[in-house]
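Visitor: I am attaching a structure below and will ask some questions about it afterwards.
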Amino acid sequence: QVQLVESGGGLVQAGGSLRLSCAASGTSFSISTMDWYRQAPGKQRELVATITRAGSTNYADSVKGRFTIARDNAKNTVYLQMNSLKPEDTAVYYCHHVWSNSWGQGTQVTVSS
């Protein structure tokens, strides 16, 4: 099992930016695809961004051009840079270690209009 700890959430005005971090324990970080998901109140959890072990990325249409996922295997950390934030980006954001199917506890992002 991999332990994941997210940080970097908070309250920001529309148009602002935040950078989320997810630090992983263990030695399997570098071999696994990593995802960021989010869940808004009353909605299903949705996939936001994915980065493979080789660094290939994929994004939900709703965040393309605004969010960037990156990883630092030396630090066992995955990041989500979020720019041009919108109120509809408000959600709890979770990182996911695909290989072990491990989840972090989530970090709240609130975007005010």
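Visitor: If VAL2 satisfies all but one of (1) open to solvent by less than 40 Å² (accessible area, probe 1.4 Å); (2) part of a loop (DSSP other than H, G, I, E, B); (3) closer than 24 Å to SER112 by Cβ, what's the number of the condition it fails?
Guide: (3)
Visitor: Mind telling me which of the residues LEU85, LEU20, LEU80 ends up being crowded, with 20+ Cβ neighbours inside 10 Å and part of a loop (DSSP other than H, G, I, E, B)?
Guide: Result: LEU85 is the single residue among LEU85, LEU20, LEU80 that is crowded, with 20+ Cβ neighbours inside 10 Å and part of a loop (DSSP other than H, G, I, E, B).
Visitor: One residue is enough: does the stretch 26-33 have a residue meeting the conditions free of Cβ contacts under 8 Å to residues at least 40 places away in the same chain, open to solvent by 50 Å² or more (accessible area, probe 1.4 Å) and among the β-branched types (Val, Ile, Thr)?
Guide: For the stretch 26-33, residues free of Cβ contacts under 8 Å to residues at least 40 places away in the same chain, open to solvent by 50 Å² or more (accessible area, probe 1.4 Å) and among the β-branched types (Val, Ile, Thr): present.
Visitor: Let me ask you something else. For LEU11, state whether it is modelled with pLDDT of 95 or more and open to solvent by 50 Å² or more (accessible area, probe 1.4 Å). Spell out how you get there, then give the answer.
Guide: On the way: modelled with pLDDT of 95 or more: yes; open to solvent by 50 Å² or more (accessible area, probe 1.4 Å): yes.
Here the answer is yes, as LEU11 does meet what is asked.
Visitor: For the stretch 49-77, what are the residues that are under 18 Å from ALA23 (Cβ atoms), open to solvent by 60 Å² or more (accessible area, probe 1.4 Å) and hydrophobic (A, V, I, L, M, F, W, C)?
Guide: The answer is ALA74, and nothing else.
The values are calculated or read from the model by the stated rules, or taken from the named source; none is laboratory data. If you're wondering where the values come from, they're calculated on a predicted model, not measured in any experiment. Backbone-built Cβ (ideal geometry, glycine too); neighbour counts: all protein chains shown. Ligands, DNA and RNA are stripped out before the accessible areas are found, and what is left, the full protein with its side chains, is counted by its heavy atoms. Shrake-Rupley method; radii C 1.70, N 1.55, O 1.52, S 1.80 Å.
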